[in-house]
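*Asks:* Have a look at the structure that comes next, please.
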Amino acid sequence: MSNINFICPHCSFSKQLPTSVDGQEGNCPACNAVVTIGANAPASPSTSSPQPPPLPQQQPLQQPLQQPLQQPLQQPLQQPLQQQFLQQPPTKKASNRDKILIVSIVGGVGGVALLALLVVVLVWSFSDSSTQTAQTPTQTPTQSPPQSPPQSPTQSPTQSPTQSPTQSPPQNPIQIPTQSPFESPTQSSNQSPNQSPNQSPTQSPFKTPNPVPVNRPVGELPSFTNTIEMEFKEIPAGTFIMGSPINEADREGDEQQHEVIISKAFYMQTTEVTQGQWIELMETRPWYGQEFTPYLKEGPIFPAIYISWEKAFEFCSKLSDQEGKKYRLPTEAEWEYACRAGTRAMWSFGDDEKALVDYAWYYKNAFANLEKFAHIVGLRDPNAFGLHDMHGNVWEWCNDYYDIDYYKDSPTKDPPGPTQGSFRVVRGGAWDRHSGLSRSANRSVGAANDRSDYQRGFRVVLDVELDP
């Protein structure tokens with residue numbers, strides 16, 4: 001069999017082929033181009049300038065170059081993702097036992113929280129009701145008693161036989177009207193002040209004071225002026241809670257709360273005794289030439305100071321003889337009753353110390369304001385009974401001896417004070433003292449014969465047995 005010589009028009013590849021394939025189309029073994037075998041094959045357009053086929057050796061050259069570049073780029077990106085998502089252990093599905101345990105824990109915590117909330121509500125309700133109930137008279141104070149003054153009396157105070165602290169009230173007092181203007185319309189003043197011992201445990205151990213409401217207008221009480229221009233207001237009889245609750249700020253240990261009955265009305269001077277009133281009656285000037293003269297303002301309407309308890313007692317006796325009436329110093333119970341004027345607060349106007357500057361001369365608006373002296377009487381607002389300067393300005397003598405424990409066993413009705421003691425009671429605070437000492441319940445002391453204090457004065461009362 002004869003052969004034909006095949007020459008690829010594209011790559012010039014040549015090979016002997018049998019004549020049986022002459023004129024057929026096929027693929028060149030070298031370049032894989034489609035060609036016509038034989039003499040009748042059409043001329044290739046590229047026979048004149050055949051382009052060399054791509055070298056077979058290029059593929060082995062490209063693969064070594066591409067693989068090292070691709071592998072370093074692909075592997076660092078793929079492997080961390082595969083490790084992060086494929087190498088993590090599968091999440092363990094919670095069993096029914098775990099679910100029951102979780103539900104039990106959550107339910108227990110919720111129950112404890114609900115129980116705690118219930119306890120808080122009960123405690124709040126109990127404390128709210130307790131704040132409305134005054135403390136019992138037998139409660140022991142938590143604070144230490146006030147310190148005694150540095151001076152001691154050099155002799156026992158002299159006292160008139162008719163002016164003893166233990167003196168019983170007159171036998172024929174003037175009858176109190178059957179309906180007091182300070183009681184509610186449904187309450188009669190003839191009602192016994194003592195309650196039944198079978199008092200409900202939910203009620204306060206102290207009866208509600210029944211003199212004058214806090215917001216009662218001033219000036220409705222009967223008043224009169226005596227021969228030396230001393231003005232008095234009639235203080236109605238009534239019941240009140242003497243002392244202070246244990247949570248009151250600046251409270252001392254001798255202020256145990258207890259109920260007191262003031263069974264008879266009395267007149268109280270609306271201001272402290274002035275220098276002009278003292279000079280007119282006593283014809284002396286005990287404040288003149290004293291050691292603390294810089295702390296003194298002299299004038300007829302300034303309070304009389306440097307007055308001892310004995311001299312104040314002498315003033316009352318001389319005034320009684322001159323006018324034929326019974327002038328005296330107030331008992332400690334009468335003083336606090338008149339000061340409170342129907343309130344239970346720290347001061348006669350309430351518990352807000354910011355308002356004290358309107359009612360009192362004390363450290364903040366006097367001493368700290370460089371007004372270091374007792375001020376003219378009656379410049380501050382009065383309480384509901386129409387009494388001025390019951391807080392601050394000068395300390396005021398009371399008739400009582402001082403006893404730190406007297407409140408524990410004192411009589412409920414018209415307590416006269418202890419029968420003996422080393423000091424006398426002073427009340428009200430002073431112009432150079434802080435606000436706590438001007439509280440209605442604060443108690444302080446002084447030696448009866450001490451007349452060296454520029455802070456001490458007094459005011460007098462008059463029994464309502466005789467027409468003024």
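Conditions tested, residue by residue: (1) within 33 Å of the chain's Cα centre (by Cα); (2) closer than 30 Å to GLU353 by Cβ; (3) not β-branched (Val, Ile, Thr).
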residue	(1), (2), (3)
GLU252	yes, yes, yes
GLU255	yes, yes, yes
GLU272	no, yes, yes
GLN277	no, no, yes
LEU281	no, no, yes
TYR288	no, no, yes
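*Asks:* May I ask you to verify whether ALA345 is touching a residue at least 24 places away in the same chain (Cβ under 8 Å) and crowded, with 18+ Cβ neighbours inside 10 Å?
*Replies:* no
*Asks:* Inspect segment 454-468 for any residue being out of contact with any strand residue (DSSP E or B) (no Cβ under 8 Å at 6 or more places or on another chain) and modelled with pLDDT of 95 or more and give the result as yes or no.
*Replies:* No, that holds for no residue.
*Asks:* Just one of GLU323, GLU353, GLU332 is in contact (Cβ under 8 Å) with a residue 40 or more places away in the chain and buried (at least 21 other Cβ atoms within 10 Å of the Cβ); which is it?
*Replies:* Being in contact (Cβ under 8 Å) with a residue 40 or more places away in the chain and buried (at least 21 other Cβ atoms within 10 Å of the Cβ) holds for just one of GLU323, GLU353, GLU332, which is GLU332.
*Asks:* When segment 258-285 is examined, which residues are found to be in contact with a helix residue (DSSP H, G or I) (Cβ under 8 Å, 6 or more places away or on another chain), open to solvent by less than 20 Å² (accessible area, probe 1.4 Å) and of a type outside the set (Phe, Trp, Tyr)?
*Replies:* Matches in segment 258-285: HIS258, VAL260, ILE262, MET268, VAL273, LEU281.
*Asks:* Does GLU314 fit the bill of being among the acidic types (Asp, Glu) and either open to solvent by less than 30 Å² (accessible area, probe 1.4 Å) or in contact (Cβ under 8 Å) with a residue 40 or more places away in the chain (or both)?
*Replies:* No, not satisfied.
*Asks:* With respect to the numbered conditions (1) more than 17 Å from LYS297 (Cβ to Cβ); (2) modelled with pLDDT of 95 or more; (3) of a type outside the set (Val, Ile, Thr), which one is the sole condition not fulfilled by ASP389?
*Replies:* The one condition ASP389 does not meet is (1).
*Asks:* Tell me which residues, restricted to segment 1-14, are open to solvent by 70 Å² or more (accessible area, probe 1.4 Å) and modelled with pLDDT under 80.
*Replies:* Correct list: MET1, SER2, ASN3, ASN5, SER12.
*Asks:* Given the conditions (1) without any contact (Cβ under 8 Å) to a residue 40 or more places away in the chain; (2) surrounded by fewer than 17 Cβ atoms within 10 Å (Cβ to Cβ), and given that SER452 satisfies all but one, which numbered condition is not satisfied?
*Replies:* Against the list (1) without any contact (Cβ under 8 Å) to a residue 40 or more places away in the chain; (2) surrounded by fewer than 17 Cβ atoms within 10 Å (Cβ to Cβ), SER452 comes up short only on (1).
*Asks:* For residues that are in contact (Cβ under 8 Å) with a residue 24 or more places away in the chain and open to solvent by 10 Å² or more (accessible area, probe 1.4 Å), scanning just segment 298-311, find the one that is nearest to GLN455 (Cα to Cα).
*Replies:* PHE302
*Asks:* Tell me which residues, restricted to segment 225-235, are open to solvent by 10 Å² or more (accessible area, probe 1.4 Å), out of contact with any Leu (no Cβ under 6 Å at 6 or more places or on another chain) and touching a residue at least 24 places away in the same chain (Cβ under 8 Å).
*Replies:* ASN226, THR227, GLU229, GLU231, listed by residue number.
*Asks:* Of the numbered conditions (1) surrounded by 22 or more Cβ atoms within 10 Å (Cβ to Cβ); (2) more than 25 Å from GLN290 (Cα to Cα), ASP463 fails exactly one; give the number of that condition.
*Replies:* With (1) surrounded by 22 or more Cβ atoms within 10 Å (Cβ to Cβ); (2) more than 25 Å from GLN290 (Cα to Cα) applied to ASP463, the lone miss is (1).
For every residue, the table says whether it meets (1) in a helix (DSSP H, G or I); (2) modelled with pLDDT under 95; (3) over 21 Å from HIS391 (Cα atoms).
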| residue | (1), (2), (3) |
| --- | --- |
| GLY276 | yes, no, yes |
| LEU281 | yes, no, yes |
| TYR288 | no, yes, yes |
| PHE313 | yes, no, yes |
| SER317 | yes, no, yes |
| PRO330 | no, no, no |
| ALA333 | yes, no, no |
| GLU336 | yes, no, no |
| CYS339 | yes, no, no |
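*Asks:* If you don't mind, there's one more thing I want to ask. Take VAL377 and decide whether it is open to solvent by 10 Å² or more (accessible area, probe 1.4 Å), among the aliphatic types (A, V, I, L, M) and over 23 Å from VAL425 (Cβ atoms).
*Replies:* no
*Asks:* Test ASP381 against the criterion of being at positive phi and not aromatic (Phe, Trp, Tyr), and give yes or no.
*Replies:* no
*Asks:* Restricting attention to segment 356-370, does a residue exist that is hydrophobic (A, V, I, L, M, F, W, C), at pLDDT below 95, out of contact with any strand residue (DSSP E or B) (no Cβ under 9 Å at 6 or more places or on another chain) and not in a helix (DSSP H, G or I)?
*Replies:* yes
*Asks:* In addition: State whether one or more residues within segment 374-394 are under 29 Å from the mean Cα position of the chain (by Cα), in contact (Cβ under 8 Å) with a residue 24 or more places away in the chain and assigned to a strand (DSSP E or B).
*Replies:* yes
*Asks:* Just to be sure before I move on: is GLY253 open to solvent by less than 50 Å² (accessible area, probe 1.4 Å) and assigned to a loop (DSSP other than H, G, I, E, B) in the structure I sent?
*Replies:* Answer is yes for this residue.
*Asks:* If GLN269 satisfies every condition in (1) more than 17 Å from ILE228 (Cβ to Cβ); (2) touching a strand residue (DSSP E or B) at 6+ places or on another chain (Cβ under 6 Å) but one, which is the exception?
*Replies:* Among (1) more than 17 Å from ILE228 (Cβ to Cβ); (2) touching a strand residue (DSSP E or B) at 6+ places or on another chain (Cβ under 6 Å), the lone unmet condition for GLN269 is (1).
*Asks:* Restricting to segment 395-434, name every residue that is open to solvent by 10 Å² or more (accessible area, probe 1.4 Å), at pLDDT 95 or above and not in a loop (DSSP other than H, G, I, E, B).
*Replies:* Of everything in segment 395-434, those that are open to solvent by 10 Å² or more (accessible area, probe 1.4 Å), at pLDDT 95 or above and not in a loop (DSSP other than H, G, I, E, B) turn out to be TRP395, ASN399, TYR401, TYR406, LYS413.
The values are calculated or read from the model by the stated rules, or taken from the named source; none is laboratory data. Here the structure is a predicted model, which is why all the values come from computation and not from measurement. Heads up, the Cβs are rebuilt from the backbone with ideal geometry, glycines too, and the neighbour counts pull from every protein chain shown. The accessibility values were calculated without ligands, DNA or RNA, using every heavy atom of the protein model including side chains. Shrake-Rupley method; radii C 1.70, N 1.55, O 1.52, S 1.80 Å.
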